[in-house]
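For reference, the structure discussed in these notes is given below.
The numbers here are math on the coordinates, done by the rules we state, and not lab data. Just so it is clear, the structure is predicted and the values come from calculations on it, not from any experiment. Virtual Cβ from ideal backbone geometry, glycine too; neighbours counted across all protein chains shown.
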Amino acid sequence: MAKAALAASAAPPRRPAPAVVLAATGPLSAHGAGPVPRRVAALLSPPPRPRLLLLAAAVALVAVSGVSALEAARDLHGLIEFAQAAAGRP
């Protein structure tokens, strides 16, 4: 059994053909490939479709942030006017 284990470990590791790994032939497939071929496949694939729900959520978030900032500025202005009135300044 020890001889079989030594014989198995002495065999060179089997590697896939470079054309398969780099997707040089046929359609681009990133399954089982390394990080560089997957990035190349991602760059060559069509861009993702825009998601309308995500876009609507982003627009709503920006709108709520803007309204909140305006409300905070108005509150700050009122507080400054109150402090000036309390100090006796016109």
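What to note about this one:
- Cβ-Cβ under 8 Å pairs, at least 6 apart or on other chains, segment 61-90 side assigned to a helix (DSSP H, G or I), far side loosely packed, with under 10 Cβ neighbours inside 10 Å: GLN84/PRO90
- Looking only at segment 33-58, residues that are of a type in the set (A, V, I, L, M) and surrounded by fewer than 10 Cβ atoms within 10 Å (Cβ to Cβ) come to 5 in all.
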